[in-house]
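Written below as structure tokens is the structure these notes are about.
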Amino acid sequence: MRVGIGYDVHRLVAGRNLILGGVEIPYEYGLEGHSDADVLLHAIKDALLGAAALGDIGRHFPDTDPRYKGASSLKLLARVKEILAEKGYEAGNVDATVIAQKPKLAPYIAQMNANIAAVLGIDVDRVNVKATTTEGLGFTGRGEGIAAQAVATVVRR
């Protein structure tokens, strides 16, 4: 078993959909980015790639590549699963935290867990997404952006 960590941040902006864990969440702002800017899935992909010593999402899905403009992070997670398989690995488990002052994410977490598990081909009880605020402190507390951190394990197939 190998362990990796991932972290990502995106700015909140008007005129974009807010997508976290592959779930579109009703909110007045969305995350700015080249793909769908799903900060949670970006952190998870980096954790999985890191666990297998396969670089990061910038290496595999550069924001200079027009193929990834507006891309679904769920589809990119599926590609990470394939990259892991090519090297003889599969996801073991994922534990992730979204850091956002608003909106409240509790009603959407079960669907996020289900989406991630389905794409990775693992049982949903091996995926754990949590959400927290920063009690109004920092850029997340001011509502300027959302951050996510993830830890993941990979195991030999």
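Tally up the residues in the stretch 31-79 that are small (Gly, Ala, Ser) and closer than 20 Å to residue 100 by Cβ, please.
Counting residues in the stretch 31-79 that are small (Gly, Ala, Ser) and closer than 20 Å to residue 100 by Cβ gives 6.
Test each condition in (1) out of contact with any strand residue (DSSP E or B) (no Cβ under 8 Å at 6 or more places or on another chain); (2) under 30 Å from residue 28 (Cβ atoms); (3) at pLDDT 95 or above for residue 111 and report the one that comes out false.
Of the numbered conditions (1) out of contact with any strand residue (DSSP E or B) (no Cβ under 8 Å at 6 or more places or on another chain); (2) under 30 Å from residue 28 (Cβ atoms); (3) at pLDDT 95 or above, the odd one out for residue 111 is (1).
When residues of the stretch 63-105 are filtered for being free of Cβ contacts under 8 Å to residues at least 40 places away in the same chain and open to solvent by 80 Å² or more (accessible area, probe 1.4 Å), how many remain?
Qualifying residue count for the region: 11.
Consider residue 58 carefully, then state whether it is under 25 Å from residue 11 (Cβ atoms) and open to solvent by 30 Å² or more (accessible area, probe 1.4 Å).
Answer is yes for this residue.
Under the condition of being assigned to a loop (DSSP other than H, G, I, E, B) and β-branched (Val, Ile, Thr), which residue from the stretch 109-157 is farthest from residue 39 (Cα to Cα)? Can you show your working first?
First, the residues of the stretch 109-157 that are assigned to a loop (DSSP other than H, G, I, E, B): 121-123, 133-137, 142-144, 157.
Retained after the next criterion (residues that are β-branched (Val, Ile, Thr)): 122, 133-134.
Values: 122: 21, 133: 15, 134: 17 Å.
Filtering the stretch 109-157 for residues that are assigned to a loop (DSSP other than H, G, I, E, B) and β-branched (Val, Ile, Thr), the one farthest from residue 39 (Cα to Cα) comes out as 122.
Quick grid of which residues meet (1) in contact with a Phe, Trp or Tyr (Cβ under 8 Å, 6 or more places away or on another chain); (2) modelled with pLDDT under 95; (3) part of a helix (DSSP H, G or I):
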{"site": "40", "(1), (2), (3)": "no, no, yes"}
{"site": "44", "(1), (2), (3)": "no, no, yes"}
{"site": "58", "(1), (2), (3)": "no, yes, yes"}
{"site": "77", "(1), (2), (3)": "no, no, yes"}
{"site": "80", "(1), (2), (3)": "no, no, yes"}
{"site": "85", "(1), (2), (3)": "no, no, yes"}
{"site": "92", "(1), (2), (3)": "no, no, no"}
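Find the residue count for the stretch 106-120, including only residues that are open to solvent by 60 Å² or more (accessible area, probe 1.4 Å) and small (Gly, Ala, Ser).
Number satisfying all stated conditions: 3.
The values are calculated or read from the model by the stated rules, or taken from the named source; none is laboratory data. If you're wondering where the values come from, they're calculated on a predicted model, not measured in any experiment. So basically every Cβ, Gly included, is an ideal-geometry build from the backbone, and we count neighbours across all protein chains shown. Accessible surface is based on the protein model in full, side chains and every heavy atom, while ligands, DNA and RNA are left aside. Shrake-Rupley method; radii C 1.70, N 1.55, O 1.52, S 1.80 Å.
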